[in-house]
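Visitor: Can you read through this structure? Questions will come right after.
The values are calculated or read from the model by the stated rules, or taken from the named source; none is laboratory data. What you see is a predicted model, and the numbers here were worked out from it, not measured in a lab. Note that we place each Cβ from the backbone using ideal geometry, even for glycine, and neighbour counts take in every protein chain shown.
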Amino acid sequence: MTVGTPDVVQLRRLLFGKDYDELLALKEQFEQSDKYSASVANIISEALTLRGSQDNSLSDALAPTIENALTQSICNNPKRFADVLYPVMGPAIRKSINQALSEALETLNQVLENSLSLRSWKWRFDAWRSGQTYAKVALLNTLVYQVEQVFLIHRESGLLLQHVASPHAISKDPAMVSGMLTAIQDFIADSFAVNQTDTLRTLSLGELTVLLEHGPHAVLAMVVRGTVPADLPNLLMETAANIHRQYAPAFKAFNGNTEAFTATENLLADCLKSQQQHVQKRPPWLALLVLLSLVGAASYLLYQHYQQLAQQEAEAKQAQQQVLQTLNERLRELQTHTSELQNSVTTLSDQQRQQLRQQTQQAQQLTTAAQTISKLTQQIEASTYPFEAGKADVGLDDPMLLQLGKTIRELIQAAHQTGKTPQILIAGNADDSGTNDINQKLAELRAENLRDALVRGGVPAFAVVAYSAKQAGQPATLQKNERSTSYRVTLF
């Protein structure tokens with residue numbers, strides 16, 4: 001133990017290291033809410049983004065709260081939400097209703113005309129004779145052209161990557177068709193003297209035409225029924241270019257797994273074009289008549305079920321009240337959980353502040369104990385006990401002995417607070433009045449008698465040891481030419 005009062009700050013850093021500065025920073029952060037809020041605000045968005053990218057736990061945790069808040073807000077002020085959505089939903093709903101009514105009226109008129117005309121009866125006979133549905137036969141007879149199927153085929157392996165077909169198309173096994181097209185191209189390349197860059201562009205069979213567009217990694221094939229318009233090859237070329245541009249990494253990493261090309265279905269579906277024969281439109285008198293009849297029947301049914309609707313409305317109101325009650329209960333539960341969470345956070349903050357205070361008190365106690373140890377060490381090492389010439393007797397009631405014992409016991413108590421154990425070396429000395437052997441024995445006897453007297457006075461035996469100052473290995477500072485004892489304090 002060094003002599004003198006050490007610097008408190010330096011002692012704290014030696015005892016706690018960097019942890020002490022971190023505890024002070026943490027204490028300041030918790031005690032000042034503005035700094036704590038600022039530190040949380042700096043990372044809250046990144047934390048939410050990171051947690052949201054790992055799994056769906058953040059969405060699962062926030063979904064009930066957001067749903068309850070929206071439900072409560074809508075129940076409290078439904079007109080506000082209706083006013084907000086009206087500029088967007090109102091025109092869209094009106095447009096959708098008008099378009100749906102126009103299409104339904106036109107479709108009904110066409111169905112009625114086709115069902116009652118001589119041409120429709122001929123088509124029905126053809127459908128019965130061929131085993132096909134009437135809708136397919138009617139479509140084929142009014143069709144100018146229709147893209148029935150589109151194939152996306154891997155150029156090197158011939159595997160079918162994706163396939164789409166029109167709802168009314170007569171489709172066989174797509175993989176078999178893909179293999180057939182690949183086999184035809186290989187047959188032409190092997191059987192005729194053509195350049196490697198030459199590719200098959202068109203296949204025709206009756207009213208069916210197959211258009212092919214070859215890209216660096218895939219072949220796009222389009223099956224067209226009817227007369228092929230001039231814009232279809234351009235559409236096929238643009239679609240093939242878009243697919244190669246968007247899925248270039250997938251083509252380079254292709255290993256036989258076609259799942260990476262599932263999303264190309266939307267691009268291929270855009271190629272399913274069709275055009276029907278334009279016929280002169282006539283006023284839909286028959287459709288209007290049928291529609292008016294249906295409106296009259298619907299009005300009668302509405303009148304008959306008026307009471308039932310009123311009852312259903314009452315039941316709906318009751319159910320709404322129950323739903324509102326359930327939502328209110330869930331909101332109260334959420335408020336309770338929020339209060340519990342706030343209490344938990346407050347409790348944790350109090351515990352951390354209490355722990356910091358305890359650590360600060362311990363540091364202060366250690367500092368005080370260190371100062372006390374230093375002071376007591378100086379007092380002990382500065383003490384001395386004189387002897388008469390040629391004697392080694394120690395008086396048990398000697399005030400100097402009693403004060404020395406008291407000081408040693410206080411040192412032991414202070415050292416225990418720091419987790420250390422002191423040991424006092426008692427070195428006996430003698431003057432030059434006798435021979436060396438007599439002086440050596442007299443010095444040892446004086447040290448041992450003083451140690452025994454201290455032990456009898458209440459000093460623990462382990463804390464004091466006795467040696468002759470002139471014994472080998474003893475420091476020169478303890479060797480004095482006088483009839484006394486000197487001391488040296490060591491902490492373990």
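Let's see how each residue does on (1) β-branched (Val, Ile, Thr); (2) assigned to a loop (DSSP other than H, G, I, E, B); (3) surrounded by fewer than 15 Cβ atoms within 10 Å (Cβ to Cβ); (4) outside the structural domain of Asn449 (by TED's automatic domain parsing):
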| site | (1), (2), (3), (4) |
| --- | --- |
| Thr360 | yes, no, no, yes |
| Leu366 | no, no, no, yes |
| Ala369 | no, no, no, yes |
| Ala389 | no, yes, yes, no |
| Gln403 | no, no, yes, no |
| Gln413 | no, no, yes, no |
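Visitor: Give Asp190, Asp198 a once-over and let me know the one that is at pLDDT below 80, assigned by TED's automatic domain parsing to the domain that holds Pro174 and outside any loop (DSSP other than H, G, I, E, B).
Guide: Answer to the check: Asp190.
Visitor: How many residues does the range 325-376 contain that are hydroxyl-bearing (Ser, Thr, Tyr) and touching a helix residue (DSSP H, G or I) at 6+ places or on another chain (Cβ under 7 Å)?
Guide: 3
Visitor: Next question, about the same structure. Would you check which residues across the range 224-262 are in contact with an Asp or Glu (Cβ under 6 Å, 6 or more places away or on another chain) and either exposed (fewer than 14 other Cβ atoms within 10 Å of the Cβ) or part of a helix (DSSP H, G or I) (or both) and list them?
Guide: Leu236, Met237, Ala240, listed by residue number.
Visitor: Here is a further query. Can you tell me which residue within the range 320-336, out of those that are surrounded by 11 or more Cβ atoms within 10 Å (Cβ to Cβ) and either of a type outside the set (S, T, N, Q) or at pLDDT below 85 (or both), is nearest to Ala61 (Cα to Cα)?
Guide: Selected residue: Leu334.
Visitor: Let me ask something else about it. Quickly run through the range 415-443 and pick out the residues that are among the β-branched types (Val, Ile, Thr) and either at pLDDT 85 or above or not in a loop (DSSP other than H, G, I, E, B) (or both).
Guide: Thr421, Ile424, Ile426, Ile438
Visitor: Moving to a separate point now. Looking at this structure, is Leu376 more than 30 Å from Gln417 (Cβ to Cβ) and not assigned by TED's automatic domain parsing to the domain that holds Leu442?
Guide: No, not satisfied.
Visitor: Here is a further query. Of all residues in the range 399-422, how many are within 19 Å of Thr485 (Cα to Cα), among the charged types (D, E, K, R) and in contact (Cβ under 8 Å) with a residue 12 or more places away in the chain?
Guide: 1
Visitor: Of (1) in contact with a Gly (Cβ under 9 Å, 6 or more places away or on another chain); (2) at pLDDT 85 or above, Gly179 satisfies all except one. Which?
Guide: (2)
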